[in-house]
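Supplied in structure tokens, the structure appears directly below.
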Amino acid sequence: MGNVEVGRRIRVSFEFFPPRNEDMEATLWQAIGRLAPLQPNFVSVTYGAGGSTRERTHATVKRILAETMLTPAAHLTCVAATRAQVDAVIEAYAEAGVRHIVALRGDPPGGIGERYVPHPGGYRNAADLVAGIKRIADLEVSVSAYPEKHPDSADMAADLDMLKAKVDAGASRAITQFFFGNDLYFRYLDRVRAAGIDIPIVPGILPVQNFKQTRNFAARAGASVPDWLAARFGGLDDDPATRKLIAAAVAAEQVLDLADQGVSDFHFYTMNRADLVYAICHLLGLRPGNARTLSPVETESA
Ligand code: FAD
């Protein structure tokens, strides 16, 4: 493991969520401060369910623009909003200097599992939103992708049709829902390419900071949690220190295997915490400053 070819360029991006209070704000900015020197390709800021964090997402993205050298990407959903309301958000981002949006449909207001009904005056789905963004400004647009299909999709073919529609509307990158078996990603990638979709499909990596929470979230998001993963965290409910070591080992194994198999771009769901993600990026050969490629020494010792 870890014999990633010398000099191959590894690119990472980090996802954060907008903080709800001052303590969370401090935690977020500690994480940004720690991860920024790794020079991510971009950092993204999520948009709360139903647009609930519109102002906080905007404020976080603006602060990243004002106080760092990072390139922010603002997540945006079209749930429970008119086109005019969503367009106003896009225009405000473009005016503030944001050049990249992660365009999503979003979950129904009652949560995943409820039937999604578009707002009568709103964008119908993520593809429609991508087209809307492109009409307003020439922004880079990333979208979601689901290696195990989205729970709303009747089958994988319907899921790929939606991805294709998003690409046809102007999306230039897809970021996947998290997954734990790399074979799921590579099988999906084969199907994506067979469907004639050629944009980068960047694996979304979730270092498991909290196994119980992850299992609950995965169940709603339609991501499978393999038995071997549950077994690795088994018996550690009252042992956070060991859980953390296991989480680092699991994510490192996943990411290094992806890298070994030729993956060079990674998107990390940081949950606003830097330590695990920083360690995994270090294993990938990233160093503070300009060292975005693996050095020969690093490769030899990997
Ligand atoms: P789409 O790509 O529009 O659709 C997903 C799939 O569902 C499609 O493949 C399609 O086949 C199927 N589908 C869609 N609509 C219907 C329908 N009406 N009937 C039948 N099938 C349908 N959520 C947030 O609230 N805020 C965020 O910031 C956020 N960031 C995310 C980032 C990433 C990288 C990912 C993977 C997800 C994110 N989500 C976020 C979650 C996302 O909003 C939900 O998964 C949502 O349920 C679907 O949005 P989408 O853009 O992925 O949907």
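Values quoted throughout were computed directly from the atomic coordinates according to the rules given, and no laboratory measurement underlies them. Fair warning: this is a prediction, and the values are worked out from it, not measured in the lab. Glycine gets a Cβ as well: all are built from the backbone with ideal geometry, and neighbour counts include every protein chain shown.
Between Leu76, Leu35, which is part of a helix (DSSP H, G or I) and either among the aromatic types (Phe, Trp, Tyr) or touching a strand residue (DSSP E or B) at 6+ places or on another chain (Cβ under 7 Å) (or both)?
Leu35
I need a count of the residues in the range 219-252 that are assigned to a helix (DSSP H, G or I) and closer than 18 Å to Thr176 by Cβ.
Residues that pass the stated criteria total 6.
Okay, next question. What pairs can you find where one residue is in the range 153-177 and of a type in the set (Asp, Glu), the other is part of a helix (DSSP H, G or I), and their Cβ atoms are less than 9 Å apart, with a gap of 6+ or different chains?
Filtered contacts from the range 153-177: Asp168/Ala127; Asp168/Val130; Asp168/Ala131.
Just name the residue that is nearest to Tyr47 (Cα to Cα) out of those in the range 229-285 that are in contact (Cβ under 8 Å) with a residue 40 or more places away in the chain and β-branched (Val, Ile, Thr).
Ranking the qualifying residues of the range 229-285, first place goes to Thr270.
Give the number of residues within the range 82-99 that are aliphatic (A, V, I, L, M) and touching a Phe, Trp or Tyr at 6+ places or on another chain (Cβ under 8 Å).
Of the residues in that region, 1 qualify.
Here's a follow-up. Could you go through the range 44-56 and let me know if any residue there is part of a strand (DSSP E or B), under 12 Å from Pro19 (Cα atoms) and within 12 Å of the ligand (Cβ to nearest atom).
Scanning the range 44-56, I find at least one residue that is part of a strand (DSSP E or B), under 12 Å from Pro19 (Cα atoms) and within 12 Å of the ligand (Cβ to nearest atom), so the answer is yes.
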